[in-house]
1. Restricting the search to segment 1-46, which residues are in contact (Cβ under 8 Å) with a residue 60 or more places away in the chain, exposed (fewer than 15 other Cβ atoms within 10 Å of the Cβ) and not in a helix (DSSP H, G or I)?
2. How many residues are crowded, with 19+ Cβ neighbours inside 10 Å and polar (S, T, N, Q) if we restrict to segment 143-185?
3. Could you please find all residues in segment 192-211 being modelled with pLDDT of 90 or more and among the polar types (S, T, N, Q)?
4. Run down Ala254, Ala273 and say which single residue is in the same structural domain as Phe197 (by TED's automatic domain parsing) and either within 26 Å of Lys410 (Cα to Cα) or touching a residue at least 40 places away in the same chain (Cβ under 8 Å) (or both).
5. Name the residue that is nearest to Leu260 (Cα to Cα), counting only residues in segment 354-374 that are part of a helix (DSSP H, G or I) and small (Gly, Ala, Ser).
6. Condition test on Ile72, is it over 27 Å from Thr133 (Cβ atoms), among the hydrophobic types (A, V, I, L, M, F, W, C) and modelled with pLDDT of 85 or more?
7. Scan segment 396-417 for residues that are hydrophobic (A, V, I, L, M, F, W, C) and either surrounded by fewer than 12 Cβ atoms within 10 Å (Cβ to Cβ) or farther than 14 Å from Ser204 by Cα (or both) and jot them down.
8. Looking at Pro330, Pro384, which is the one that is in contact with a helix residue (DSSP H, G or I) (Cβ under 6 Å, 6 or more places away or on another chain) and without any contact (Cβ under 8 Å) to a residue 40 or more places away in the chain?
Amino acid sequence: MSSNKARAAVEAVWRSESARIVGALARYTGDFTLAEDLAQEALAEALVSWSVRGIPAEPAGWLLTAGRRRAIDSFRRRAVRDEKYALLAHDLSEEEPGLDALFNPDAIDDDVLSLMFVACHPVLSKEARIALTLRVVGGMGTEEIAKSFLVPVPTIQARITRAKKTLAAAHVPFAVPEAPEITERLGSVLQVIYLIFSEGAFPSGGNSWMKTELAGEARRLARVLVRAAPEPEVFGLLALMELTSARFPARLDAAGQPVLLEDQDRRRWDQSAIRRGRAALKTAVVSGRGLGAYGLQASIAECHAVARTAEETDWQRIVILYEALGRLVPSPVVELNHAVAVAMASGPASGLQLVDAIADRGALKGSHVVPTVRGELLSRLGRPSEAKVALLEALELCSNAAERFALERKIAELADKPS
């Protein structure tokens, strides 16, 4: 087999099985940092072995056995001949690197959940949590992560290295937190997955209007989390991402240019994703605990998903949902989205008053989103000169090339309107 085919096979199994492999090794060694290093060493061994001997029948089991063998070597080098060493060495057959007993079906979900809680531990910075989650749970390489977030590869490498050192220094255990901690810590995991999805769906910089692979990775992580921790807010987040990503096929036109929500051909929306999203939202609702922040946002996305046209959207319901969201998680972004919903429900003048109040407070200063919304509402009010000034301000602040193109197109359209 060629080295290229071996590399492709290694990358494929790592992407789908990395969380199970690292999780199983961490459970066995009791050391998350060691487990991640062992898994990477096993990958390097596989690249050589598989190109010579071919892909094994159970590639994930092969990697896990190789990782466990490396663990034993590590303990030997440390001259540790205790019960842990004996356990690791027990029944290890170097001649049969097949499906390893470490893949205990009863422990797999707990392993993955523990891995997520470790990677998203509050002792780590937000950036470190994202990088470590994508690396050890998502199976993404450092180059892939760096490209997705438009940062240099050494920066991602440094974040991952610092994160592992921080976890070791803080003696973070590889385990699902105790019941009193789980709600708070689950929130950290959900936040990381949502941040990954948001960067995929609405990139903060670069040339892309969307990064669908990154958003897809976030959805995959949420599906894994749903199986391991079927809590209402986990279903709420999954619903939000499914319903939002359903619009991806219509967000670019045939020329690859951005298409805003109200102008999209809704026949191109992914109906399968809409069905999955609504089913996940229903699961969150029937729990009887009330919707959290992600569930409320999913309900807003559902309003768009079921409307045949922008005009038929239930904007009054969206206004109410944003009001509830604002009370639950107050933020200027929620306020701005609420203002947009008010403008659609009650007219642009009502929405503009709310947007101006946000701008007067200096909220979201330095962001292009406030002047973008102001420009749109001023245009709808028949005030093209003022709208152009606002959109030019937005253009100056915007760093995403695709969004800049959309703003430039709006500004050009305003030039043809009488003042």
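The values are calculated or read from the model by the stated rules, or taken from the named source; none is laboratory data. Since the structure is predicted, the reported quantities are computational estimates derived from the model, not experimental observations. Virtual Cβ from ideal backbone geometry, glycine too; neighbours counted across all protein chains shown.
1. Residue satisfying the conditions is Gly30 alone.
2. Count: 1.
3. Ser198
4. Values: Ala273 fails: either within 26 Å of Lys410 (Cα to Cα) or touching a residue at least 40 places away in the same chain (Cβ under 8 Å) (or both).
Only one candidate passes the filter, namely Ala254.
5. Looking only at segment 354-374, we keep the residues that are part of a helix (DSSP H, G or I), and these are 354-360, 369-374.
If we keep only those that are small (Gly, Ala, Ser) too, we end up with 357, 359.
Numbers: Ala357: 25, Ala359: 23 Å.
Restricting to residues being part of a helix (DSSP H, G or I) and small (Gly, Ala, Ser), the top hit is Ala359.
6. Working: over 27 Å from Thr133 (Cβ atoms): yes; among the hydrophobic types (A, V, I, L, M, F, W, C): yes; modelled with pLDDT of 85 or more: no.
No.
7. Let us first name the residues in segment 396-417 that are hydrophobic (A, V, I, L, M, F, W, C), namely 397-398, 401-402, 405-407, 411-412, 414-415.
Phe405, Ala406, Leu407, Ile411, Ala412, Leu414, Ala415 - these are the residues of segment 396-417 that are hydrophobic (A, V, I, L, M, F, W, C) and either surrounded by fewer than 12 Cβ atoms within 10 Å (Cβ to Cβ) or farther than 14 Å from Ser204 by Cα (or both).
8. Values: Pro330 fails: in contact with a helix residue (DSSP H, G or I) (Cβ under 6 Å, 6 or more places away or on another chain).
Testing whether each residue is in contact with a helix residue (DSSP H, G or I) (Cβ under 6 Å, 6 or more places away or on another chain) and without any contact (Cβ under 8 Å) to a residue 40 or more places away in the chain leaves just Pro384.
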